[in-house]
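Inspection log for the structure reproduced underneath, given as structure tokens.
The values are calculated or read from the model by the stated rules, or taken from the named source; none is laboratory data. This is a predicted model, so every value here is computed, not measured. We place every Cβ from the backbone using ideal geometry, glycine too, and count neighbours over all the protein chains shown.
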Amino acid sequence: MINISAHAKINLTLDVTGKLPNGYHELRSVMQQTDLHDDVLIDEGSKGIELEVMSESEGDGNNLSGALCHDMVPMDRRNIAYRAAEKILEEAGRSGKSCGGVKITLVKRIPAAAGMAGGSTDAAAVLTGINRFYEMGFSEEELCGMGVTLGADVPFCIKGGTALCEGIGEKMTSLPSPGSIPVLIAKPAIAVSTAEAYSLLDDADARGELIHPDTDGLVSLLRDGVGEDSDAASKISGFLGNGFYQVIGGLYPEIRDLCGEMIKGGAEGSLMSGSGPSVFGLFKDKTVADSLKKEMEVRYPGVFFYSGNLI
């Protein structure tokens with residue numbers, strides 16, 4: 001058996017730049033992994049694909065089921081991790097790299113439907129794990145090629161770290177790490193429809209009201225080595241921006257409230273990740289983030305909180 005860590009991502013910037021004829025949206029985003037992660041266990045199975053999902057989140061028993069949504073994670077091919085196993089086993093068969101059945105256990109800590117690529121990162125770990133467990137020999141680029149057929153975030157989750165993602169998310173340029181900046185994550189018990197989020201964003205753009213973050217400025221800052229700067233959290237926070245936050249934050253006051261409370265509590269900057277509803281704050285001092293987590297857990301029962309670091 002092997003254990004692959006499947007890390008959650010946040011979007012330091014997210015700018016939707018256009019719409020393709022096939023209906024997909026083009027974007028530019030600086031994506032960043034965090035140390036919040038699921039464990040993906042890969043072992044030999046009796047036949048076919050066996051998938052088990054377990055929940056092991058901090059405070060899981062503290063009225064957080066509505067925020068974690070782990071009971072909504074399917075254990076069949078509706079789960080992207082299952083389809084990832086199907087994909088790599090199919091590719092292995094075509095390449096003459098036969099193997100037996102596979103048993104996959106997902107130990108979930110990342111909330112589902114959170115805007116943090118919880119499903120995509122599990123799929124990435126399944127591709128990486130099965131390739132390693134059965135010594136298939138697929139390259140990282142080959143795994144990314146499989147991953148993009150499953151979801152636009154999967155290739156980033158395979159490569160990890162920090163990257164500028166463009167196109168529908170599949171075009172990646174690796175960037176220097178911002179360093180292990182403390183981060184506080186909050187996921188309220190609300191569901192954001194991705195289709196509705198894109199529709200609202202398109203409407204705002206058509207009205208000329210959409211604010212576009214300075215993604216190029218953040219890319220330059222990272223390339224200049226801000227990760228080695230003691231003031232990295234503050235400097236990076238100056239570039240945080242997400243078009244979805246502009247439109248979704250107005251629909252769900254909880255999202256703006258959580259961001260505002262993080263700023264009041266000492267965060268250098270705070271933003272929604274992806275199309276929501278998760279938000280995050282960047283801090284200079286981990287002890288401040290840890291303390292604020294405890295305070296906000298009291299004030300916001302039913303919201304999932306995690307204090308960790310960027311990686």
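Within the set Ala92, Ala117, Ala112, the sole residue that is over 17 Å from Pro155 (Cα atoms) and under 12 Å from the mean Cα position of the chain (by Cα) turns out to be Ala112. Every listed requirement among (1) surrounded by fewer than 17 Cβ atoms within 10 Å (Cβ to Cβ); (2) in a helix (DSSP H, G or I); (3) modelled with pLDDT under 95 is met by Thr287 save one, (3).
Identify the residue in region 252-270 that is touching a residue at least 40 places away in the same chain (Cβ under 8 Å) and in contact with a strand residue (DSSP E or B) (Cβ under 8 Å, 6 or more places away or on another chain) and, among all such residues, is nearest to Val16 (Cα to Cα).
Filtering first and then ranking leaves Ile255.
Does region 215-222 contain any residue that is touching a residue at least 24 places away in the same chain (Cβ under 8 Å) and either of a type in the set (Asp, Glu) or farther than 14 Å from Pro176 by Cα (or both)? Yes. Restricting attention to helices (runs of 4 or more DSSP H) lying wholly within region 58-168, give those where 1 or more residues are in contact with a Phe, Trp or Tyr (Cβ under 6 Å, 6 or more places away or on another chain). Correct list: 65-68, 118-133.
Across region 149-176, the qualifying residues are those that are farther than 30 Å from Asp224 by Cα and crowded, with 20+ Cβ neighbours inside 10 Å, and the one among them that is farthest from the chain's Cα centre (by Cα) is Leu150.
State yes or no: is Leu41 among the hydrophobic types (A, V, I, L, M, F, W, C), within 30 Å of Ser220 (Cβ to Cβ) and not in a helix (DSSP H, G or I)?
no
Given the condition within 21 Å of Gly118 (Cα to Cα), free of Cβ contacts under 8 Å to residues at least 24 places away in the same chain and not assigned by TED's automatic domain parsing to the domain that holds Glu56, answer yes or no: does some residue in region 240-248 qualify? Checked against the condition, which is being within 21 Å of Gly118 (Cα to Cα), free of Cβ contacts under 8 Å to residues at least 24 places away in the same chain and not assigned by TED's automatic domain parsing to the domain that holds Glu56, region 240-248 yields no hits at all. So which of Gly227, Gly281 ends up being more than 14 Å from Pro188 (Cα to Cα), small (Gly, Ala, Ser) and either modelled with pLDDT of 95 or more or in the same structural domain as Leu164 (by TED's automatic domain parsing) (or both)? When all the criteria are applied, what remains is Gly281. Can you confirm whether Arg28 is among the basic types (Lys, Arg), over 19 Å from the mean Cα position of the chain (by Cα) and assigned by TED's automatic domain parsing to the domain that holds Glu170? For Arg28, the condition - among the basic types (Lys, Arg), over 19 Å from the mean Cα position of the chain (by Cα) and assigned by TED's automatic domain parsing to the domain that holds Glu170 - is not met.
Residues in region 5-21: is at least one more than 18 Å from the chain's Cα centre (by Cα) and at pLDDT 95 or above? Steps first, answer last, please.
If we filter region 5-21 for residues that are more than 18 Å from the chain's Cα centre (by Cα), which is where we start, we get 17-21.
From what's left, at pLDDT 95 or above: none.
Taking every residue of region 5-21 in turn, none turns out to be more than 18 Å from the chain's Cα centre (by Cα) and at pLDDT 95 or above.
Beta carbons closer than 6 Å, at least 6 apart along the sequence or on distinct chains, pair a first residue in region 280-307 that is in contact (Cβ under 8 Å) with a residue 60 or more places away in the chain with a second that is among the charged types (D, E, K, R) for Leu282/Glu268; Phe304/Lys187; Phe305/Lys293; Phe305/Glu297; Ser307/Asp290; Ser307/Lys293. Before we move on, is Val126 surrounded by fewer than 23 Cβ atoms within 10 Å (Cβ to Cβ) and either over 17 Å from Tyr24 (Cβ atoms) or in contact (Cβ under 8 Å) with a residue 24 or more places away in the chain (or both)? Considered against the rule, which asks whether it is surrounded by fewer than 23 Cβ atoms within 10 Å (Cβ to Cβ) and either over 17 Å from Tyr24 (Cβ atoms) or in contact (Cβ under 8 Å) with a residue 24 or more places away in the chain (or both), Val126 comes out as no.
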